[in-house]
1. Out of the residues in region 184-220 meeting the condition of being farther than 20 Å from residue 79 by Cα and of a type in the set (Val, Ile, Thr), tell me which one is surrounded by the most Cβ atoms within 10 Å (Cβ to Cβ).
2. Of the residues that sit in region 87-105 and are without any contact (Cβ under 8 Å) to a residue 60 or more places away in the chain and either part of a helix (DSSP H, G or I) or among the charged types (D, E, K, R) (or both), which one is most open to solvent (accessible area, probe 1.4 Å)?
3. So, in region 11-42, how many residues would count as being open to solvent by 50 Å² or more (accessible area, probe 1.4 Å), in a helix (DSSP H, G or I), polar (S, T, N, Q) and farther than 24 Å from residue 126 by Cα?
4. Considering only residues that are open to solvent by 30 Å² or more (accessible area, probe 1.4 Å) and touching a strand residue (DSSP E or B) at 6+ places or on another chain (Cβ under 9 Å), which ones fall in region 154-178?
5. Quick one: count up the residues across region 43-57 that are without any contact (Cβ under 8 Å) to a residue 60 or more places away in the chain and surrounded by 14 or more Cβ atoms within 10 Å (Cβ to Cβ).
6. Examine region 142-153 for a residue that is touching a residue at least 60 places away in the same chain (Cβ under 8 Å), outside any helix (DSSP H, G or I) and open to solvent by 50 Å² or more (accessible area, probe 1.4 Å), and state whether such a residue exists.
7. Only one of (1) open to solvent by 30 Å² or more (accessible area, probe 1.4 Å); (2) under 25 Å from residue 208 (Cα atoms) fails for residue 181. Which number is that?
8. Quick check: anything in region 61-75 within 16 Å of the chain's Cα centre (by Cα) and more than 30 Å from residue 152 (Cβ to Cβ)?
Amino acid sequence: MSSVDLKGIGMTSQRTRERLVQRLVEQGIRDQAVLEVMRTTPRHLFLDEAMAHRAYEDTALPIGYQQTLSQPYIVARMTELLLEDGPCENVLEIGVGSGYQTAVLAQLVTQVYGVERIKALLDRARPRMRQLKLRNVQLRHSDGALGWADKGPFDGILSAAAPERIPQELLQQLAPNGRLVIPVGGQSQHLQVVRRSPEGFVTNIIEPVRFVPLRPGTVR
């Protein structure tokens, strides 16, 4: 992998990334570790070449198969919420997509397990993890609503797709004091944080969002 691939040129340059990080700060992202990872992670690698010039705009972008690469603000916000109570060791990501959120998480937690229902997207994400030398990531072609029970319980679970109701499987795979960061709803969606406390599950509603729906089953 050449340095040009990572640093980018023109619209993918370091200066362009700095402007993105400044926008994230202006929108309220405060976690310095999250901001640094957003600054250094080459988002253009997770897009088709035709879209790479837009990689550092603060907007969601298409990655094919009616899926999107989440807006950088949303990636940073969800990551910040996941880590709000302190470091996470074992994290599950639902909806790997092109792998950008996965790569961000992998630089901030001990181990990431990612599930993706669309095999073609997963097949593209795997080499990107190798290219960035992120060896603490395991990916699986699976129905995201089922989680990955064999690898749980998880200190954190982050979903990049929105169910109308939170699947019980995900709640049950949360470790004690673990947290689930997930968009929930149909036409009207809200980002929620669910903490598993000794008394049960405590939910905080954060802000309105727009995500692709969490669909059942898998696609070859």
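1. Among residues in region 184-220 that are farther than 20 Å from residue 79 by Cα and of a type in the set (Val, Ile, Thr), the one surrounded by the most Cβ atoms within 10 Å (Cβ to Cβ) is 218.
2. Checking each candidate, the answer is 101.
3. Qualifying residue count for the region: 3.
4. Across region 154-178, the qualifying residues are 155, 164, 165, 166, 176, 177.
5. Selection size over region 43-57: 10.
6. Scanning region 142-153, I find at least one residue that is touching a residue at least 60 places away in the same chain (Cβ under 8 Å), outside any helix (DSSP H, G or I) and open to solvent by 50 Å² or more (accessible area, probe 1.4 Å), so the answer is yes.
7. Against the list (1) open to solvent by 30 Å² or more (accessible area, probe 1.4 Å); (2) under 25 Å from residue 208 (Cα atoms), residue 181 comes up short only on (1).
8. yes
The values are calculated or read from the model by the stated rules, or taken from the named source; none is laboratory data. Computed from a prediction, not measured in an experiment: that's the story for all the values here. We place every Cβ from the backbone using ideal geometry, glycine too, and count neighbours over all the protein chains shown. Only protein heavy atoms, including side chains, enter the accessible area calculation; ligands, DNA and RNA are left aside. Shrake-Rupley method; radii C 1.70, N 1.55, O 1.52, S 1.80 Å.
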